[in-house]
Amino acid sequence: MKIIDNETLKKIQKLAIKTGLKIDSHAAGNRKSLSKGSSVEFSDFREYSAGDDFRRIDWNAYGRFDKLFVKLYMEEREAPVRIFLDTSLSMNYGEPEKITAAKRLAAALAYISLNAYDRVYINPWNSMVQGTFGPYSTPYSFIKAVNALEIIENRGESNFTEALRKMEWKTGRGISIVITDGLVEGGLEEGLKYLRYMKQEVYLCHILSPQELAPELDGALELVDIETNDIIEVTASGELLDMYEKSLKRFLNNIKQQCKKFGIRYTLLQSDMALEEMVLKVAG
Amino acid sequence: MTFATPFGLIGLTAVPLIIILYIMKQKREKVVVSSHILWQKVLRDMQAATPWQKLRKNLLLFLQLLCAVLIVLALSGFALKSGVHTSQPVVIAIDSSLSMSSTDVKPTRLDAAKKDAQKYVGELPPGTPVTVVNLNREPDVLLYASDSVNEIRASIESIEQTKTYTDVRRAEELLLSLKNRQPDALIVLFSDMPIRVGKEEVRFSNYKKQSDNVAVVRFTHAFRDDGITAMSILRNQGDNDSEVSVSLYGDDSFIDSQLVTVPKNGTRTVWWSNVPLSVKTLHCVIDTEDILDADNHAYDTVYAGKPVKVLLVTNGNYFLEKVFSVIEGIEFTRTLPDELAEYKGYDLYVLDGVIPDKFPEDGNVVVFNPVPNDHFAVGGWMDTPVIGPSEHVIFKHLENPGFSVGRTRIIEKPDWAETIIEYNGNPVIFEGLIYSTRILVFGFNIYETDLPIRTEFPIMISNILSEYSPASGTRISGIVTGEPVRFMLQPGTVKASVITPDGRRIDIAPPVPPQPFIQTGEPGIYKVLQDNSVNAAESYFVVNLPDEQQMENVENAVRETGGTDGTVIPFRENVKLFNLPLLFAALLILVIEWWCYANRRYA
C-alpha cells in the first residue's frame, strides 16, 4: 500500500516549510533553532545515520569504536516525536478507511518532524503498543518511516491507557501525536493524562469517517461491532439517528473538554479530508 | 379455577406457533460499524427516556403470546370458583326424565347431576334458602326454601330416574311461579336440555355430552291374510349413520331379527311380515347398545278376539241401521221392540225410543230418544238450539263436535248419571253406571237433528262402539309411561288385577268401576285379569315410552322457549365466567401491540 505518492510528498514538502509543530517552551524549551550554531555545551553522542551533518561526526570516537557517531549539543538536542497510531480494527472502518487517512497523516507529520531534525518514533497500538518503529532522525530516513507505516497491520481492540502503561519509555520530554478514532475501550482520558504525566506535548488527531459522523442507516438492522463481532439489533429511524447525532456530539465534546483540561491540542479530522487540509489543521 | 368448555384449550397450540413465527420473523440486515460505543450510548439514552425499553426487545412477542392466551382462556370458558357470599335463595331444578338415564356421562346423567347438585349445595353459604324441584312429566317441588343442608341433601338424593319426558311448559310455569315467589332467587338447572324461564336468568349445567342414540319411536301392527305384519320405526338422534340389530319377539318368543342402517338424524322403517296370528303381545328391541337403553324397546298388543255383537232395538231408524251396518268388525242385529223376548247375548244394546224395565247385564246400553221409564224421569219436550261441543270421548276426532237439535226431552238427571252435554240445566246427553252396566243416553230423536247428515256421524258412532262395547274395557292402547289408565271392566266383573312387567300384582277392583291405574312408570307388557265370578278373562295392555311426536313436541317447546336466547347461561359449579373481560383484555393488548409496533424504535 502506497500511503504517500510523489504528488503528495511535494505538497507536504511545501507544507513543511510553512508549518512546524509548535512546542511550548515549558514542554521542550531546549528544542532549538539550527541557526544558533555550535557554541553550546556538548551533551551526547548518537550513532550516525544517513542525512546527518558530516561535520558533526566525532572522528575520535570512530577511531576508537570503528563506528560513526555524531556529537550532540544541549541546545541542539532533537525533540523526540512519538506518533501513537491507533491500529485497532475500528480504524479499518469508513470510506475511505480511517487507517489510511491516519497513516498518511502520520507520514506527513513524521516528514515535517524529520525536516526539523527531530527524532521520530512510530508506535502502533491497540490494546498494547505493538513495538516502536524508529527513531528516524533525518529527512532521509523518511522513507523508512513510510515503509514502517505501510507494513503496520490493524488488529484487535483498542485500549489506550493500558497500551501506554505497558509501554517502555526511554525518552523524556517530547512530542506525542496520538492519531485515533477515539472509539477506545475505557476512553482516552487516562491515556492522555498519562502522556502529560510523561512530560509530553500532546497532539490528539481525532479521525472519524463520514459514515460515523453522519450514518445513513434505515430499516431493521443488526449492527456488528467490527472489533468484537457483537451484535446490536436496531430499527433505524429518524428518531434513532437524531439520538445518535446527539450522542456523537456529547462524545466529541467530552474528548474536547478532556484535551482542554490537559492542555492538549485537539483536532477533529474526517477520513475523506485531503491530506494537506489535515496537516494544516494539525500543524498549521 | 375451571373451564366451562375445556376443548377451547386446544387453542393453546397457537402459542408455540407464535413463537415459531416470531423466530422465523423478518431477517435483519447486517451492517458493520466501527464500534458499539456510540450506539450503546444511544440505546442507554433511549432506555433512560423510557425505562421499560429494555423489555421492549421482546415486548411484541410477549404481547402476542398474552393476547393468544387470553383468547384461548375466553374460548375455554375460563371461570373462577366464587363462593356465594350472600344468602341469595337458590332453586335447584334437577331433570329426572328418561334422557337423563343416558350413560354418556358416567354412571348416568342423572347421577352426575345429583352429585354436582350436592357439591353445589356444599358450597353455598350457611342459611341459604334452597328449593329443590324435580323435573319430569309432572314437575314437582320436593323442598321449598329450606336452609337445612341435611334436608336439601336428602331431597336431592330422593330424586329417582323416571322414564318419561320432561313437560317443558309445566316446568317453565313451575319455575316461573317459584321465581315470582322469590324474585331474587337464582335458578340452577341440572339437565340435558336448556329450559328458559320467562326472561329470568337460568344457570344451566348441561349433561348432554353426545347424542349417539337409536330409538324405537313407533311400533304397530296390522292384520293380513297370511298373518300379522308389524312395523317398527327407528330413529337415529346422532350425527352419524348407525347400523343396528333389531329383533322382534311375540309373547316372549323370538320371531325375527334384522340388521339395518339408520341414517343420521333420520328414521328407518322396519317391516316384519308373517307374524303368527296366535300372538297376543309383540316386543321390538334394538340389540345394539347405545347411550340410552330404555328407548331401545317398544311393545304392542294384538287384539284378535271375537267381533263385537251389537243389537239395535228400534221401530225403525234408517240412520242408525245404516251406520251400524257399514262398520266393519262388528256383528250387527236389528230387531223390533216387540220381537225381542229377552235382552241378552249382545255386547252392546242400542235402544231407539225403547227402554226396558230392566237393563241388560251382559252388555252396555246406548239410548236414543228415551221414553218414560223406571230408571230416570222423562217429561215433555223443550226447544234446543245448537249444542256442544264437549271433550267427551264420544266426540273424539270430530272436526266440528257441535250439532243442531230441534228439541230434546226434559229429563231429570238420575243420581247414577253424569251429564255430558246440557242445555239450560236439562241434560241432553248423559251417561252412568247401573251395577256394572254402562248407560249412555241421548235425550233426542236423531231424526230431529242434523247429526245423521253430518260427516262426523259415523265417527261418533264408532267412538261409541269403541268406548261402550264391553271388550273396549281391556282394549287399551297408546299408553305412555306415567300416563294413568282408566279401565272399563267387563259387565259383571267383581274382581280385577294388573300384573306389571316386573311381575308385581296390583289389585284394581273392587271397587267397581276401578280407580285410574297409575303404576305405569315402567314400559312393558301389563296383564289384566278380570273375574266375573263365573269365569276369568285375561287381557293385555302395553306401556311405551312417549313416541316421536311427543319428543318433537318437547323439542319444539325448547325451541319456542328459546333455550339458547341468552337467558340460559352455561353453568358449571359455582363459578364466575370471565369470557367477556378476557376478550376485551385481548383486544386491548392487540391495540397496545399495534401501537408498540407502529412506534418501535428498535425491536
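The values are calculated or read from the model by the stated rules, or taken from the named source; none is laboratory data. The model shown is predicted, which means the values in this text are computed figures rather than measured ones. Glycine also receives a Cβ, built like all others from the backbone with ideal geometry; neighbour counts cover every protein chain displayed.
Could you pull out every one of the strands (runs of 3 or more DSSP E) wholly within region B:344-425 that has 1 or more residues that are in contact with a helix residue (DSSP H, G or I) (Cβ under 7 Å, 6 or more places away or on another chain), surrounded by 20 or more Cβ atoms within 10 Å (Cβ to Cβ) and not assigned by TED's automatic domain parsing to the domain that holds B:Q490?
In region B:344-425, the matching strands (runs of 3 or more DSSP E) lie at B:348-352, B:364-368.
Among the residues of region A:192-215, the one identified as small (G, A, S) and within 12 Å of another protein chain (Cβ to nearest Cβ) is A:S209. Close Cβ contacts (under 8 Å, 6 or more residues apart or on different chains) running from residues in region B:449-462 that are part of a strand (DSSP E or B) to residues that are crowded, with 16+ Cβ neighbours inside 10 Å and of a type in the set (A, V, I, L, M) comprise B:T449/B:V405. Kindly check whether there is at least one residue in region B:295-309 that is of a type in the set (G, A, S) and in a strand (DSSP E or B). Yes: one or more hits.
Look through region A:157-208, keep the residues that are assigned to a loop (DSSP other than H, G, I, E, B), over 19 Å from A:I226 (Cβ atoms) and of a type in the set (D, E, K, R), and return whichever of them is modelled with the highest pLDDT. Ranking the qualifying residues of region A:157-208, first place goes to A:K199.
Taken together, the criteria exclude A:S127 from residues that are touching a strand residue (DSSP E or B) at 6+ places or on another chain (Cβ under 7 Å), among the polar types (S, T, N, Q) and either part of a loop (DSSP other than H, G, I, E, B) or within 26 Å of A:E189 (Cβ to Cβ) (or both). Looking only at residues of region A:216-269 that are of a type outside the set (A, V, I, L, M, F, W, C) and touching a Cys at 6+ places or on another chain (Cβ under 9 Å), we find that the one that is farthest from the other protein chains (Cβ to nearest Cβ) is A:R265. Per the listing A:Y62, A:Y73, the residue uniquely surrounded by 13 or more Cβ atoms within 10 Å (Cβ to Cβ) and modelled with pLDDT of 70 or more is A:Y62. When region B:243-286 is filtered for residues that are over 24 Å from the mean Cα position of the chain (by Cα), outside any loop (DSSP other than H, G, I, E, B) and of a type in the set (S, T, Y), the ones remaining, listed by number, are B:S245, B:S247, B:Y249, B:S253, B:S257, B:T261, B:S273, B:T281. Do we find a residue being surrounded by fewer than 21 Cβ atoms within 10 Å (Cβ to Cβ) and without any contact (Cβ under 8 Å) to a residue 12 or more places away in the chain anywhere in region A:156-166? Taking every residue of region A:156-166 in turn, none turns out to be surrounded by fewer than 21 Cβ atoms within 10 Å (Cβ to Cβ) and without any contact (Cβ under 8 Å) to a residue 12 or more places away in the chain.
Summed over region A:209-229, residues that are surrounded by 17 or more Cβ atoms within 10 Å (Cβ to Cβ) and assigned to a loop (DSSP other than H, G, I, E, B) total 5. Here the condition is being part of a strand (DSSP E or B) and either β-branched (V, I, T) or surrounded by fewer than 17 Cβ atoms within 10 Å (Cβ to Cβ) (or both); of A:I255, A:I232, it holds for A:I232 alone. Would you mind stating whether A:G186 is without any contact (Cβ under 8 Å) to a residue 60 or more places away in the chain, within 7 Å of chain B (Cβ to nearest Cβ), surrounded by fewer than 16 Cβ atoms within 10 Å (Cβ to Cβ) and of a type outside the set (S, T, Y)? Spelling it out, it is not the case that A:G186 is without any contact (Cβ under 8 Å) to a residue 60 or more places away in the chain, within 7 Å of chain B (Cβ to nearest Cβ), surrounded by fewer than 16 Cβ atoms within 10 Å (Cβ to Cβ) and of a type outside the set (S, T, Y). The one condition from (1) within 16 Å of B:I461 (Cα to Cα); (2) among the small types (G, A, S); (3) touching a residue at least 24 places away in the same chain (Cβ under 8 Å) that B:A377 does not meet is (1). Scanning for something among the aromatic types (F, W, Y) and within 39 Å of the chain's Cα centre (by Cα), does region B:443-456 turn up at least one residue? No.
It is to be established whether one or more residues within region B:130-138 are within 23 Å of the chain's Cα centre (by Cα), part of a loop (DSSP other than H, G, I, E, B) and among the β-branched types (V, I, T).
If we filter region B:130-138 for residues that are within 23 Å of the chain's Cα centre (by Cα), which is where we start, we get B:132-138.
Imposing the further condition that a residue be part of a loop (DSSP other than H, G, I, E, B) reduces the set to B:136-138.
From what's left, among the β-branched types (V, I, T): none.
No, the conditions are met nowhere in region B:130-138.
When region B:222-242 is filtered for residues that are part of a strand (DSSP E or B), in contact (Cβ under 8 Å) with a residue 12 or more places away in the chain and more than 14 Å from B:D290 (Cβ to Cβ), the ones remaining, listed by number, are B:F223, B:R224, B:G227, B:I228, B:T229, B:A230, B:M231, B:S232, B:I233. Of all residues in region B:236-261, those satisfying the criterion of being surrounded by 16 or more Cβ atoms within 10 Å (Cβ to Cβ) and farther than 27 Å from B:P276 by Cα are B:N236, B:Q237, B:G238, B:S242.
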